[in-house]
């Protein structure tokens, strides 16, 4: 089953953000989604996102000109944790 992220990018959600709001709007494409709770009640929420689908969604956002993507920089987190 295709994840809702990839389906959303194919149905134009990312394109609408770029066109109707701004290519500078902040977009967080989450790579950690796991269905829980009542997600079983909705077929579009049942699938987890794969690494390939996440990369495709980020690439699609960039193709639409979205520039403010949430890019996790774990090196900063590790530096912070080492300072504790």
Report the full-extension gain for the segment residue 36 to residue 67: residue separation times 0.36 nm, less the Cα-Cα distance, to one decimal in nm. 8.1 nm
In whole percents, the bins of 5 Å from zero upward hold the Cα-Cα pairs of segment 24-66 as 5, 20, 23, 20, 17, 10, 4
Per the rule of 0.36 nm per residue minus the C-alpha distance, extending residue 23 to residue 46 adds in nm 5.3 nm
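Coordinate-derived values only; no laboratory data. Computed from a prediction, not measured in an experiment: that's the story for all the values here.
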